[in-house]
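Some notes on the structure that comes next.
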There are 2 protein chains.
Amino acid sequence: MTTLAEEVLAGSRLALARLLTLIENEDPQGEAALDRLFPHSGRAHWIGITGSPGAGKSSLVNRLARAFRQPADGSPPRTVAIVAVDPSSPFTGGALLGDRVRMRDLSGDPGVFIRSMASRGALGGLARTTPAVVQALDAAGFDVILIETVGAGQSEVEIARLAHTIIVVEAPGMGDDIQAIKAGILEIADILVLNKADLPGAENTLRSLRAMLELGSPRREAPAENEPPVWRPPLVATIATQNEGIAELMKHIRAHADYLRQSGGWQARDRSRLQTQLEELLQAALLRRWRSSLPDGRYQQILGDLQARRISPYQALHDLLDEADLPQSFQRGSSALLTS
Amino acid sequence: MTTLAEEVLAGSRLALARLLTLIENEDPQGEAALDRLFPHSGRAHWIGITGSPGAGKSSLVNRLARAFRQPADGSPPRTVAIVAVDPSSPFTGGALLGDRVRMRDLSGDPGVFIRSMASRGALGGLARTTPAVVQALDAAGFDVILIETVGAGQSEVEIARLAHTIIVVEAPGMGDDIQAIKAGILEIADILVLNKADLPGAENTLRSLRAMLELGSPRREAPAENEPPVWRPPLVATIATQNEGIAELMKHIRAHADYLRQSGGWQARDRSRLQTQLEELLQAALLRRWRSSLPDGRYQQILGDLQARRISPYQALHDLLDEADLPQSFQRGSSALLTS
């Protein structure tokens, strides 16, 4: 496995693609390679892009990738990896619909790497593997990693939260349900984008987004020694298909990176992301180990009792925790269970 | 707590609302009451309603509730609880937008109970508490429980999966992103609904939904003794605001309940739901207990090493598992960790 990690560090895209597949499959070979790569990670700017379906996130991501490759301000080009997280299914073969467009726009540029991840229906699976995939890309040396999620559910928001900078993308007037979702994700936005700003109703939507931003108090990062600087999420209107507003958006992205480095937020987000990732891994590992420590058939028996309503889920939990071959320190009753 | 459970069983709506709040807050008093109530659960028909934002799920749920209360076929009215799961936020105060309409339509009927649940941003929180909330409503004696999710993310799909019968609701032509989401949730549909069937493009959307249904192989429940019956998800066009198509939808809902009882699917879904719920509870409990078994400060130290890239997340995982006061049966190295 040393070889795989070294090939990735040497810039092999083929090795990188193989590594990402191993990580997605939670294969021990992927873990071993990531162990070797991990010291090289921690340098990239992770940018999450989330928001309502139909807001044009894919087009926006493509434009951002191109803007990083050919900066309008004459700064040196930066390498870009795109991770598209997609709740797709065997039904469609897992292809992301925007991929064809994306390929046409960005393929042939060795400074761009694109990876689609499908959720395949397992709760927590993506939450467990996405951070590792992005870490691998980070270690592979990409300057910028764009994490795009399809949809605006809770999982997507959690995935976007991995990032240093979270961009929430909306489009003009998309109905009441969208408004409800908007409220849920607006508060995580570092930068708010109204895309498709040439559509009817754009003025109204801009006005109501601005009002919502003013309602929300500014988010603060972990406090630094003195009074920390405060970031007020800007609202940017774009028309991604015509490349309009992209330069302004890039300006805010750079400003946010500067802000994070000054405020200590860069480290705070890195730490909270690593903690979340570790806890996801721990939960899964503890459950598996714990289950394998139970006598054969006991778990099925408890499930049977549960289904027959002889015991409740909480009683089943306590019985199972009491019976497993657990050490003294684990046997603290329900009080330890309910405080973290 | 005996009192609370008994009040709920005696039909007190106030006690029920209090119990649900305790459960949502993961309060031990809620657990204790649910222990007492659990033997009374397992009778209700759990119906999940999910699908794209803007598809009109709330209106449809209201119509279904009314149809169960006043069956068109002359069958006895059934009591209905509605659980609306909403990714809302402190930003809006957590109010579900459809609630005002819902209240106007359904309030004053003691046979209907409505509960909104907000996700409050914690990954896994809703997945852990929603089943218990629905179980409490089940034990409280409601015949039908409608579980409505806002949005169509992975969490929403998992929540819908709790149900015996899963209804996926779409609306005509909502763009490419919606198509991608559609593919992800279509395969879990027991009944597929095209709502707002009077909108332009309805014919096209019906055609493409029908094509997707034909592509998908029929889902099978746990096999019975002989060849099990097969359920082919029907496609129903509705206009919820005008009550059109609701009678046909009700017919399919009843047919699906009959099918589940004949095929053994009713028990299979109940069992898989209880297993998932137990595993969610176990994961959280094991993580908390495990963390409290570590020496003070050790967890923070590991997080520091992780952030400094001195160790990788997988190394941190193995170190932590090795160091905790874990019994022999837990010390099986990474092979036990990677097989379930």
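The values are calculated or read from the model by the stated rules, or taken from the named source; none is laboratory data. The structure presented is a predicted model; accordingly, all values stated were derived computationally and were not measured. As a convention, Cβ positions derive from the backbone with ideal geometry for all residues, glycine included, and neighbour counts pool all protein chains shown.
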Failed criterion for B:I311 (all others in (1) more than 9 Å from chain A (Cβ to nearest Cβ); (2) at pLDDT 85 or above hold): (1)
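Let's see how each residue does on (1) in contact (Cβ under 8 Å) with a residue 24 or more places away in the chain; (2) more than 9 Å from chain B (Cβ to nearest Cβ); (3) of a type in the set (A, V, I, L, M, F, W, C):
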position: A:I253; (1), (2), (3): yes, yes, yes
position: A:A257; (1), (2), (3): yes, yes, yes
position: A:R261; (1), (2), (3): no, yes, no
position: A:G264; (1), (2), (3): yes, yes, no
position: A:D270; (1), (2), (3): yes, no, no
position: A:L278; (1), (2), (3): no, no, yes
position: A:L286; (1), (2), (3): no, no, yes
position: A:R289; (1), (2), (3): no, no, no
position: A:G297; (1), (2), (3): no, yes, no
Could you say whether any residue in region B:45-54 is within 23 Å of B:G111 (Cβ to Cβ) and not assigned by TED's automatic domain parsing to the domain that holds B:G111? no
For B:L306, indicate whether it is part of a helix (DSSP H, G or I), under 13 Å from A:L286 (Cβ atoms), touching a helix residue (DSSP H, G or I) at 6+ places or on another chain (Cβ under 8 Å) and modelled with pLDDT of 80 or more. no
Failed criterion for A:V230 (all others in (1) among the β-branched types (V, I, T); (2) modelled with pLDDT of 70 or more; (3) surrounded by 20 or more Cβ atoms within 10 Å (Cβ to Cβ) hold): (3)
State the number of residues belonging to region B:37-58 that are modelled with pLDDT under 90 and not hydroxyl-bearing (S, T, Y). 6
Filter region A:37-78 down to residues that are more than 21 Å from the chain's Cα centre (by Cα), part of a loop (DSSP other than H, G, I, E, B) and more than 20 Å from A:L16 (Cβ to Cβ) and give me whichever is nearest to the other protein chains (Cβ to nearest Cβ). A:P76
For region B:261-302: of the residues being at pLDDT 90 or above and not assigned by TED's automatic domain parsing to the domain that holds B:R161, which is surrounded by the fewest Cβ atoms within 10 Å (Cβ to Cβ)? B:Q301
